[in-house]
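Shown next, in structure tokens, is the structure this report addresses.
The values are calculated or read from the model by the stated rules, or taken from the named source; none is laboratory data. Everything numeric in this text was worked out from a predicted model, so none of it was measured. Using ideal geometry, Cβ is built from the backbone for each residue, glycine included, and neighbour counts are taken over all protein chains shown. These accessible areas exclude ligands, DNA and RNA; they are computed on the full protein's heavy atoms, side chains included. Shrake-Rupley method; radii C 1.70, N 1.55, O 1.52, S 1.80 Å.
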Amino acid sequence: MYIKHILLIVLLSLGLSQMMNAQIKPVAGDISLGFQITGLGTIAIQQWNHDAFDIPEVMGRYYISDRIALRTRLGVQLQNASAEFSDSYIDLVRFPEGQQIDTAAVSSTSGFGLSLTPGAEYHLTADASKLDPYVGVELMFGFKGATATELDQVLERRALDGTRLYKEDLNIKTQTDGGIAAGFNLLGGFNYFFSEKIAVGAEYSIGFGYKREGGDVRIATTGSLFPESNPTQVVSVDETVIFQSFTSSANLLSGSTVGVNLSIFW
């Protein structure tokens, strides 16, 4: 994987290194957005990185001088997905006499996440060289809101002559608490400017992070059952279960965005 990324940097460098000989590094007041490039045959632009909750981020810089840049990584995740499923088959494994199984379900999931990672970079050279190494530090903050899922599910078992043997028609709502994350990184990297407005590079970071995720889990089930003992009888279901489930971690973090970074300036 890394060989492809390094090869891409080399090809870009060799092909474009003679384009400009003038000063092309950013100066005070310049702004940039950072992304990642993936692929070699077909190049795609993706997010700069992911936060502790796997929220995709972009990265922006603002140069307050030729050597010092303020930066921040920002990630926002709005989750709102739904799916439908249906199936019908004859079960001869659990029921050797044969039973027709019909299922249908509609599920939805919603959630929210936000991350903010401000920091600063000190650029080691201010000459006309196109290579721009830097070191820096950043603080990490992440928030994940509660995740809510809802499942409408209908399951029916019938004998092969069509007689109903069992049916359930349930609505299941699950809500799980979110979490928080915080930490800091020391980082080092470089940009290589092959034009006045575009640079490629790589970055490596090491730091410390804390994450706590989860808490109360609330599962509310409502609906009706037609039990196998008396499939013409309707049994109402209305129950709520609450329990706790969470994880927390505090450890050293290391990571790299060598896959290749792309910065666009204006």
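Between A146 and residues 5 or more places away or on another chain, which pairs have amide H atoms under 5 Å apart, with H built 1.01 Å from N, and which residues are they?
G178
Could you compute the net charge surrounding V237? Neighbours are other residues with a C-beta less than 10 Å from the C-beta of V237; K and R count +1, D and E count -1.
Taking every Cβ under 10 Å from that of V237, the sum is -4.
Rolling a 1.4 Å sphere over the protein heavy atoms, what is the accessible area per residue of segment 122-264, to the nearest Å²?
Result: 52 Å² of accessible area for each residue.
Could you go through segment 191-197 in sequence order and give the Karplus-derived ³J(HN,Hα) for each residue, using 6.51 cos²θ - 1.76 cosθ + 1.60 with θ = phi - 60°, rounded to whole Hz, and x for Gly and Pro?
Each residue's phi maps through the Karplus curve to give 10, 10, 8, 9, 8, 5, 10 Hz.
If you take the alpha carbon radius of gyration of segment 88-209 and divide it by 2.2 N^0.38 Å, what ratio comes out, to two decimals?
2.08
Determine the gain in length on full extension of the stretch R218-L124; use 0.36 nm per residue of separation and subtract their C-alpha separation, reporting nm with one decimal.
So the extension gain works out to 28.6 nm.
Which value, in Å³ per residue, describes the convex hull spanned by the Cα atoms of segment 52-141?
Working: hull volume 15.7 nm³, N = 90.
Hull volume normalised by residue count: 175 Å³.
Can you give me the C-alpha center-to-center distance between segment 67-94 and segment 163-220, rounded to a whole angstrom?
What the calculation gives is 12 Å, centre to centre.
What are the residues whose amide H is under 5 Å from the amide H of G215, where those residues sit 5 or more places off or on another chain and H is modelled from the backbone?
Close amide H contacts, sequence-distant or interchain: D177, S245, F246.
Mind checking the dipole of segment 141-266: about its Cα centre, +1 per Lys or Arg Cβ, -1 per Asp or Glu Cβ, Debye to the nearest 20?
With only Lys, Arg, Asp and Glu charged at Cβ, the dipole is about 340 debye.
Applying 1/(1 + (r/R0)^6) with R0 = 41 Å to the Cβ-Cβ distance of D66 and I206, what FRET efficiency is obtained, to the nearest 0.05?
Once rounded, the FRET efficiency stands at 0.95.
I want to check the label-to-label distance for F112 and L92. Put each point 7 Å from Cα in the C-beta direction and report it in nm to one decimal.
5.3
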